[in-house]
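The values are calculated or read from the model by the stated rules, or taken from the named source; none is laboratory data. Quantities reported herein were computed from a predicted structural model and do not represent experimental measurements. With ideal geometry, Cβ positions are generated from the backbone for all residues, glycine too; neighbour counts draw on all protein chains shown. When the accessible area is computed, the model is the full protein with side chains, heavy atoms only, and any ligands, DNA or RNA have been set aside. Shrake-Rupley method; radii C 1.70, N 1.55, O 1.52, S 1.80 Å.
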Amino acid sequence: MDELIPSAAPFLSSAQRIAVLTGAGISTESGIPTFRDALKGHWANFDPQKLATPQAFASDPELVSRWYDQRRCECALCRPNPGHEALAQLQEMTEADGREFTLITQNVDRLHQTAGSTEVIELHGNLWVWRCVSCGKEIEEKGPAFTQYPPKCDCGGNRRPGVVWFGEALPRVEFAAAERAARRCELFLSIGTSSVVYPAAGLIESAITAGAKVVEINPEATPLSDQVEWSIRGKSGEVLPQLMKEAFGN
Ligand code: BJW
Ligand code: ZN
């Protein structure tokens, strides 16, 4: 066990307000590649930072919608791992005690919700809700792969995934709630994020500035590792259950 776990655990069991930010790393142990590792096989020649833009969709809607639909179908086969489950359990335990708990995710896979987390703040949308770029109509897609790319709306418009691309604004209400939780919390957990994509990474800085204790869980160092109280180098699917056991003894 990492030597930092016993010193961070008491804060998990006693903090009155806890906020958690997760990134792609929490889902790797469920078989979902991180954003920067997402392009394998046929997609290996593409740059994810270029596919995840409104400009890419405008210039090649077939390519971009195919990539997202393939990811939607792959995510549908994935299950939450012990990291997701530990966070769902942490929410249940803290809320049962009347403490405040906010889970903020940059992930688009919805594995937190599948694990039982509630009121999850999705900063970058999700892969399931697709939106018409002409009339704005949104439909949740739970079925098999589309039969045409890009999928079409009844109005004839192209439909796009309901995710937030580079250069697009994050959902206003969700981001405001996330910012508020980051500023109010006593303990902030930053889990499985490279901490380079803004404004999400700015939430970690907001929490630090507001005086929260911050725990980072990541096998690699990030640009913010030196600024946090505990930078625990490890996989979230292993570290989070250990932290829970140390904090709550179960
Ligand atoms: C493990 C692990 C294990 C592995 N356990 N860990 C300030 C400074 C510089 C630039 C900007 C700035 N403010 C804004 C920008 C521009 C831009 C930006 O941040 N660019 C940077 C890349 C430089 N930001 C934007 O464009 C944002 N919009 C914006 O600012 O709008 C302004 C505006 C205002 C008003 C009107 C209009 C506009 C939007 C950002 C949207 C990001 N969207 C994406 C794609 C979503 C859809 C999709 O999935 O395709 O979101 S990009 C991608 O990055 C995705 C992720 O959610 C996000 C964060 O990535 P994440 O989760 O950190 O993953 P990785 O892959 O980077 O890292 C994984 C980590 O896990 C690694 O550290 C591993 O070590 C670790 N790991 N295994 C724990 N087992
Ligand atoms: Zn439409």
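Here are the numbers:
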read-out	value
Any hit, the range 43-53, residues being modelled with pLDDT under 95, closer than 20 Å to residue 221 by Cβ, charged (D, E, K, R) and open to solvent by 20 Å² or more (accessible area, probe 1.4 Å)	no
Hey, residue 144 touching a helix residue (DSSP H, G or I) at 6+ places or on another chain (Cβ under 8 Å), open to solvent by 70 Å² or more (accessible area, probe 1.4 Å) and at pLDDT 95 or above or not	yes
Residue in the range 164-183 that is modelled with pLDDT under 95 and among the charged types (D, E, K, R) present	no
Residues of the range 54-74 satisfying the condition of being of a type outside the set (D, E, K, R), open to solvent by 60 Å² or more (accessible area, probe 1.4 Å) and over 19 Å from residue 28 (Cβ atoms)	55, 58, 59
Residue that is modelled with pLDDT of 95 or more, open to solvent by 70 Å² or more (accessible area, probe 1.4 Å) and not charged (D, E, K, R), where the choices are 21, 77, 87, 103	77
Of all residues in the range 155-169 being open to solvent by 30 Å² or more (accessible area, probe 1.4 Å) and near ligand 1 (Cβ under 6 Å from one of its atoms), the one that is nearest to residue 128 (Cα to Cα)	164
Test for residue 122: is it of a type outside the set (Gly, Ala, Ser), open to solvent by 70 Å² or more (accessible area, probe 1.4 Å) and more than 16 Å from ligand 2 (Cβ to nearest atom)	no
Residue in the range 132-141 that is farthest from ligand 2 (Cβ to nearest atom), counting only those that are open to solvent by 50 Å² or more (accessible area, probe 1.4 Å) and not hydroxyl-bearing (Ser, Thr, Tyr)	140
